[in-house]
1. What 222 nm value per residue comes from the helices of chain A, counting each DSSP H run with n ≥ 4 as -39,500 (n - 2.57) and dividing by all residues, nearest 500 deg cm²/dmol?
2. Scan around B:Gly25 for amide H atoms under 5 Å from its own, H built in the peptide plane at 1.01 Å from N, and keep only partners 5 or more places away or cross-chain.
3. Kirkwood hydrodynamic radius, region B:1-141, all distinct C-alpha pairs: what's the number in Å?
4. Once amide H atoms are built 1.01 Å from N in the peptide plane, which residues 5 or more positions from B:Ile35, or in another chain, come under 5 Å H to H?
5. How large is ³J(HN,Hα), in whole Hz, for each residue of region B:39-54 in order, when computed from phi with the Karplus curve 6.51 cos²θ - 1.76 cosθ + 1.60 and θ = phi - 60°, using x for Gly and Pro?
6. Of the listed peptides A:5-16, A:83-94, B:123-134, B:2-13, what is their order by residue-averaged count of other C-beta atoms within 10 Å, with the highest listed first?
7. Tell me the angle of helix A:82-91 to the major Cα principal axis of chain A, expressed in degrees between 0 and 90 and rounded to the nearest ten.
8. Rounding to the nearest 10 and keeping the result within 0 to 90°, find how far the Cα-based axis of helix B:132-145 lies from the longest principal axis of chain B.
There are 2 protein chains.
Amino acid sequence: MKEYFIHEALKEAKRSLLLNEVPVGAVIVKDNKIIARAHNLRETMQDATAHAEVLAIKEACVILNSWRLTGCDMYVTLEPCPMCAGAILQSRISKLYIGIFDPSVGACGSVINVIQNDDLNHWTEINWLYNEECGNLLTDFFKDKR
Amino acid sequence: MKEYFIHEALKEAKRSLLLNEVPVGAVIVKDNKIIARAHNLRETMQDATAHAEVLAIKEACVILNSWRLTGCDMYVTLEPCPMCAGAILQSRISKLYIGIFDPSVGACGSVINVIQNDDLNHWTEINWLYNEECGNLLTDFFKDKR
């Protein structure tokens, strides 16, 4: 199932690409079903908080009518930034599956660790998928930009 | 002006209190004018991301029609959590004025430092106001809860 869900997150990332947005996608899964899906829309929405993870969390909260996403898993193509990692903690998402690491602002251990920090009041399980396609999508996007 | 703006953020925090929400308020200031204001609405909205800072940032982005809040300052009654500190970085807010520190999840140095971390790609100026009323509001709220 892991392969299927990260593939669905990749489909979301490709929607960002069509909008000339940094291609990152996320899905939230509960009981083996996708309950929310989103892609980065920062430029389109002109909203600094409109990363895929935040948008997916907001959608899942509406669907479940609860700010607590306990028992939900998130699949995201790129390692979350501090804002998104913080939002994942706030929402109590149980497990996080990450396509590829982000050496620039990754907040799940690459640059800083918000998700698994014993000094904070919550902690989320991280599963690294080392998915090449998630990385290639970003590399190609930034190569085209230069 | 600092005293005036943190007082306005406190007014927002008191609105949270009326809704039985953890009392935290924030205002965003540009050219000495408040352009956005918000208070914590997590329970009311059942949205894990509905902290005062995130809501104020989203509002300011709409007002300015830009995800970049460069040249804007935020006044917030309580030290931001990792999610909100990350959102402040993402929005490129120039200066952050904080009422009181949060020894529980403060991400501006108390528990973790997201706002001023040389390994991340952005950095925001922090001004601590050590405002007693900001702290008392929270202490009284949690005292009543116990």
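1. On the way: 5 runs with 58 residues, N = 146.
Value at 222 nm, helices only: -12000 deg cm²/dmol.
2. B:Ala13, B:Thr77, B:Leu78
3. Details: mean 1/r = 0.0689 Å⁻¹.
The answer is 14.5 Å.
4. Distant-sequence amide H within range of B:Ile35: B:Ile28, B:Val29, B:Lys30.
5. Per residue, the Karplus-derived 3J(HN,Hα) values read 9, 4, 9, 4, 6, 4, 8, 6, 9, 4, 9, 7, 6, 3, 5, 5 Hz.
6. On the way: A:5-16: 20.2, A:83-94: 27.3, B:123-134: 15.3, B:2-13: 18.4.
Order by mean packing, descending: A:83-94, A:5-16, B:2-13, B:123-134.
7. Roughly 30 degrees, rounded to the nearest 10.
8. Tilt relative to chain B: about 50 degrees.
Here, each number is a calculation from the coordinates, and none is a lab measurement. Predicted model only: the values in this text are computed from it and were never measured. Virtual Cβ from ideal backbone geometry, glycine too; neighbours counted across all protein chains shown.
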